[in-house]
Structures are given as structure tokens and as C-alpha cells.
Amino acid sequence: MNDLRDKREDCPGRSVGSIFWKEFVKGLVISNPVFILTLGLCPILAVTTSIDNALGMGAGVIFVLLCSNIIISTLRNATPSLVRIPVFIVVIATFVTILSLIFEAYIPALHQSLGIYLSLIVVNCIILGRAEVFASKNPVLYSIADALGIGLGYTIALFIISFLRETLGTGGLNVFGFQLFSLPVLSEHPLTFFISSPGAFLVIGLLMALFRWIGVVKCE
């Protein structure tokens, strides 16, 4: 409770709910980890070839980010500064292992499709970055808001990128075995360039330019 009171003192006139909402919304747009902060691009290039992979990776990142933020925020006053990074990695690795076992047991096809990128969530700069910059310095409630906002912002970015890449690269869209639509021309002559890594860079670059053109970076 002292932490929440200190946070309110930093933002006079604002309630706990308004601060929670502010931290949550910030991760969706203003501090979007992909389009604004340009973090975690390596797995994005690999997993956004399909909606299935994108949603699976997004769900995994939200789970790990939320759980690790809660634990790291809870232990922040008891963690010596000299060993904070090893502690962060151990906490994150624990939840990544749990996530990997759950995927392997209940969603084996998705587990195999994501491959090594699921395990590499341990060293994802988004997870480590939020642990160092936010969770280790803020109370649990606001760390939850930060995790949900950043995690959902990351998932939305994955969804948008994979939607464009799969639609343009295959001429249609399939979600977990169900074909949502098929474009007459592209289905016969798909632009396979967009399934490749250069195509991913082009899509991400255009979306980043769009965010800056509409002035999202300047929003407060």
C-alpha cells in the first residue's frame, strides 16, 4: 500500500485506477514494443508467417511477461542490485519452461512450429527490459498493468504483421485450420516475397512509418 501511495504522490490528483489504466494503454500504442520501441524483432521475422504462430507467440509472451513482472515486483526490495539480472533470468526462464511444457503437452503442433523461438523468450529484450525498467521499480499492481499493456501491444503487432504477410504471401488466411477467406487473384499467384525475411522487414518498416506519420510517437 505504501508503494501505491508513493505512486499517487508522483502523480497528484490521479487515482490508482487511472494510473493503472494509463500504464496499460501506454503499452498498446505509445510504448508499443514493436512499432515504437522496435524491440523483439528477431522472433517476429520468424513467427509472423502465419496467424497461428503469431497468436501463439503473443499468448506466450503475455504469460511470461505477466508472471515474471509479478514475481520480480514482489521481490524487488529483497533482491540485491548486484544480482538482479541473474534473478530476472532465473524467474523468466522458470515461466518459459512452464510455458514450453504446456505447449508441448496440449498444443504440440504449435510447439513444433514455434520451435526454438519459444525458448528464446528467456532472452527476449522486451521481457528483460520490462523487468529492469518497470517491474523492479514499481508495485505489483502497476507491474501487472505494464505487463498486460506491453504484452497485448506485442500481440497486436504480431497479428497485424502476420495478417498482412500471410494474406499477401499465400493469397488467403487460415486460422487454426479454418480458412477465413481466399483472394481470387492472389490465391493463384501469391506474392511469396512477403513470406520471406525481406518481406517481413518491408511490412514492419511500412507499419513503423505509418505510426510515425499519424503522430503516435508524440502522443502523451
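State the number of residues belonging to the range 33-61 that are of a type in the set (Gly, Ala, Ser), modelled with pLDDT of 90 or more and surrounded by fewer than 20 Cβ atoms within 10 Å (Cβ to Cβ).
Summing the residues that are of a type in the set (Gly, Ala, Ser), modelled with pLDDT of 90 or more and surrounded by fewer than 20 Cβ atoms within 10 Å (Cβ to Cβ) in the range 33-61 gives 1.
Considering only the range 166-213, state which residues are closer than 27 Å to Pro33 by Cα and of a type in the set (D, E, K, R).
Glu166, Arg212 - these are the residues of the range 166-213 that are closer than 27 Å to Pro33 by Cα and of a type in the set (D, E, K, R).
Identify, from the list Ile70, Ile19, the residue that is at pLDDT 85 or above, of a type in the set (Val, Ile, Thr) and not in a loop (DSSP other than H, G, I, E, B).
One residue alone meets the criteria, Ile70.
Could you pull out every one of the helices (runs of 4 or more DSSP H) wholly within the range 109-220 that has 2 or more residues that are in contact (Cβ under 8 Å) with a residue 24 or more places away in the chain and among the hydroxyl-bearing types (Ser, Thr, Tyr)?
Because the criterion is at least 2 residues that are in contact (Cβ under 8 Å) with a residue 24 or more places away in the chain and among the hydroxyl-bearing types (Ser, Thr, Tyr), the helices (runs of 4 or more DSSP H) in the range 109-220 that meet it are 140-170.
Go through the range 176-214 residue by residue and tally those that are surrounded by 14 or more Cβ atoms within 10 Å (Cβ to Cβ) and of a type in the set (Lys, Arg).
Residues of the range 176-214 surrounded by 14 or more Cβ atoms within 10 Å (Cβ to Cβ): 182-183, 186, 190-191, 194-196, 199-200, 202-204, 207-208, 211.
With of a type in the set (Lys, Arg) added as a condition, the list becomes none.
So the count comes out to 0.
Got a sec? Which of Ser143, Ser162, Ser182 is within 20 Å of Ala109 (Cβ to Cβ) and of a type outside the set (Val, Ile, Thr)?
Criteria check complete, one pass: Ser162.
Quick one: what pairs do we get from the range 78-92, first residue within 12 Å of Val122 (Cα to Cα) and free of Cβ contacts under 8 Å to residues at least 12 places away in the same chain, second among the polar types (S, T, N, Q) and surrounded by 13 or more Cβ atoms within 10 Å (Cβ to Cβ), C-beta under 7 Å, 6+ apart or different chains?
From residues that are within 12 Å of Val122 (Cα to Cα) and free of Cβ contacts under 8 Å to residues at least 12 places away in the same chain, there are no pairs.
Taking the condition of being small (Gly, Ala, Ser) and closer than 19 Å to Leu120 by Cβ, how many residues in the range 67-77 meet it?
Final tally of qualifying residues: 1.
Check the range 104-124 and report whether any residue there is touching a Leu at 6+ places or on another chain (Cβ under 6 Å) and not hydroxyl-bearing (Ser, Thr, Tyr). Full working, then the answer.
First pass over the range 104-124, keeping only residues touching a Leu at 6+ places or on another chain (Cβ under 6 Å): none.
No: the range 104-124 contains no residue that is touching a Leu at 6+ places or on another chain (Cβ under 6 Å) and not hydroxyl-bearing (Ser, Thr, Tyr).
The values are calculated or read from the model by the stated rules, or taken from the named source; none is laboratory data. Since the structure is predicted, the reported quantities are computational estimates derived from the model, not experimental observations. Neighbour counts run over all protein chains shown; Cβ positions are idealised from the backbone, glycine included.
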